[in-house]
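Student: Have a look at this one.
Please treat every number below as a calculation from the coordinates, not as lab data. The model shown is predicted, which means the values in this text are computed figures rather than measured ones. Because the Cβ atoms are built from the backbone with ideal geometry, glycine has one as well, and the counts that use them run over all protein chains shown.
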Amino acid sequence: MFAEARRDGLWFRCTYQDLWFSPDDLEAAQANGRFIWSAMNWELRPPADYIAKMERMAKDAADRLEEAKERVG
């Protein structure tokens, strides 16, 4: 999967914990004994999907903050 990820510019996403890693980051973590899970636990996704997710989360947080500010007055 690492070769495919690097070739196609994809990142690893853990399908059940929603953890995202670049190939280099996951390889480094696994070299330190972390996140050593079978391939069935990972999918390859464009890193733009991760950015879009973070943007949605940031917007949701900003919306909640504005709502809280309005409630506090």
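Student: From Cα pairs below 8 angstrom and at least 6 apart in sequence, can you work out the relative contact order of the range 2-72, rounded to a whole percent?
Tutor: On the way: 51 pairs, mean separation 21.6, N = 71.
Taking the mean separation of contacting Cα pairs over the length of the range 2-72, I get 30 percent.
Student: What's the FRET efficiency of W37 with R7 using the Cβ-Cβ distance as r and R₀ = 25 Å, to the nearest 0.05?
Tutor: Numbers: r = 22 Å, r/R0 = 0.86.
In this case the efficiency is close to 0.70.
Student: May I ask you to give the average projected area over all directions of the convex hull of the Cα atoms of the range 2-72, in nm² rounded to one decimal?
Tutor: Working: hull surface 24.1 nm².
So the mean shadow area of the Cα hull is 6.0 nm².
Student: Show that you can apply the helix-only estimate: for the chain, add -39,500 (n - 2.57) for every DSSP H stretch of four or more residues, divide by all residues, and state [θ] at 222 nm to the nearest 500. The partial results should precede the final answer.
Tutor: Working: 3 runs with 42 residues, N = 73.
Theoretical 222 nm ellipticity from helices: -18500 deg cm²/dmol.
Student: Given a Förster radius of 25 Å and the C-beta distance between E66 and D18 as r, what FRET efficiency does 1/(1 + (r/R0)^6) yield to the nearest 0.05? Each step should come with its number before you reach the end.
Tutor: Values: r = 26 Å, r/R0 = 1.02.
Calculated value: 0.45.
Student: Simple spin-label model, 7 Å along Cα-to-Cβ: M54 to Q30 in nm?
Tutor: In this crude label model, M54 to Q30 measures out at 2.3 nm.
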